[in-house]
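The values are calculated or read from the model by the stated rules, or taken from the named source; none is laboratory data. On a predicted model such as this, the values are computed, not experimentally measured, just so you know. Ideal geometry is used to build each Cβ from the backbone, glycine not excepted, and the neighbour counts take in all protein chains shown. Only protein heavy atoms, including side chains, enter the accessible area calculation; ligands, DNA and RNA are left aside. Shrake-Rupley method; radii C 1.70, N 1.55, O 1.52, S 1.80 Å.
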Amino acid sequence: DGVDSYGDTIKKGAYLETLKTNGLPKMFYQHKWDMPVGKYTHADEDSKGLWVEGELTPKHSLASDVRAAMLHETLDGLSIGGMLAKADFKVNDEGGRVIHKWTKLVEVSPVVFPDDSSARIADVKHMDFELLLPECGSEKDVERLLRDAGLGKWEALAIVSRVRAIVKG
């Protein structure tokens, strides 16, 4: 129900049908549709509006840069992209649209300057190795920790195997 820089307002419930019909939106950086930087794992509406949760693609150079900027809090906006039908909105007296339905939500992009100033990245998780490493009691736990940090299965196995060889001497 906020007003964005275009004068548009998206009403509660506008995303429910598109999420049900079209599934999860794609994740691009700055609306550049040439290559996704991650994927959304959950999307819904809460009392504030659209809520998305996702993962950045491991070993993707742009995704790594996006993650670094998110962690540094220099990249903290979100912006939506998709298609509206004429029946999805009404134009208000100020010329902005009051959007009651979003026909096809295609993507949600991390952006530097969101059109809606309240469309923000709420939380960026990062691996706290100092906290998590002592919880590892087996090679499998270490492998899982490395995979959670973004390494592929074979890379994590190779590291665990190499450490095992070093320790055995």
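Structure summary
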quantity: Residue check for residue 93: in a loop (DSSP other than H, G, I, E, B) and more than 17 Å from the chain's Cα centre (by Cα); calculated: yes
quantity: Residue tally, condition out of contact with any helix residue (DSSP H, G or I) (no Cβ under 8 Å at 6 or more places or on another chain) and over 28 Å from residue 73 (Cα atoms), over the range 116-159; calculated: 6
quantity: Restricting the range 55-71 to residues that are assigned to a helix (DSSP H, G or I) and not hydrophobic (A, V, I, L, M, F, W, C), the residue that is least open to solvent (accessible area, probe 1.4 Å); calculated: 64
quantity: Qualifying position, being within 21 Å of residue 106 (Cα to Cα) and modelled with pLDDT under 95, among 73, 53; calculated: 53
quantity: Tally, over the range 33-55, of residues that are closer than 16 Å to residue 112 by Cβ and without any contact (Cβ under 8 Å) to a residue 60 or more places away in the chain; calculated: 0
quantity: Those residues of the range 72-90 which are of a type outside the set (A, V, I, L, M) and assigned to a helix (DSSP H, G or I), in sequence order; calculated: 86, 88
quantity: Residue, surrounded by the most Cβ atoms within 10 Å (Cβ to Cβ), within the range 130-157, restricted to residues that are more than 19 Å from residue 57 (Cβ to Cβ) and acidic (Asp, Glu); calculated: 143
quantity: Any hit, the range 96-106, residues being in contact (Cβ under 8 Å) with a residue 24 or more places away in the chain, open to solvent by less than 50 Å² (accessible area, probe 1.4 Å), more than 12 Å from residue 7 (Cβ to Cβ) and of a type in the set (Val, Ile, Thr); calculated: yes
quantity: Single condition residue 160 does not satisfy, out of (1) open to solvent by less than 50 Å² (accessible area, probe 1.4 Å); (2) under 30 Å from residue 25 (Cβ atoms); calculated: (2)
quantity: From 115, 123, residue being acidic (Asp, Glu) and open to solvent by 70 Å² or more (accessible area, probe 1.4 Å); calculated: 123
quantity: Count - residues of the range 10-29 that are of a type in the set (Val, Ile, Thr) and open to solvent by less than 60 Å² (accessible area, probe 1.4 Å); calculated: 2
quantity: Total residues in the range 144-169, condition within 25 Å of the chain's Cα centre (by Cα) and either outside any helix (DSSP H, G or I) or modelled with pLDDT of 80 or more (or both); calculated: 10
quantity: Complete set of residues in the range 30-48 that are within 10 Å of the chain's Cα centre (by Cα) and open to solvent by 30 Å² or more (accessible area, probe 1.4 Å); calculated: 39, 41, 42
quantity: Looking only at the range 121-131, and only at residues there that are within 28 Å of residue 43 (Cα to Cα) and of a type in the set (A, V, I, L, M), the one that is modelled with the highest pLDDT; calculated: 121
quantity: Single unsatisfied condition, residue 42 versus (1) assigned to a helix (DSSP H, G or I); (2) modelled with pLDDT of 90 or more; calculated: (1)
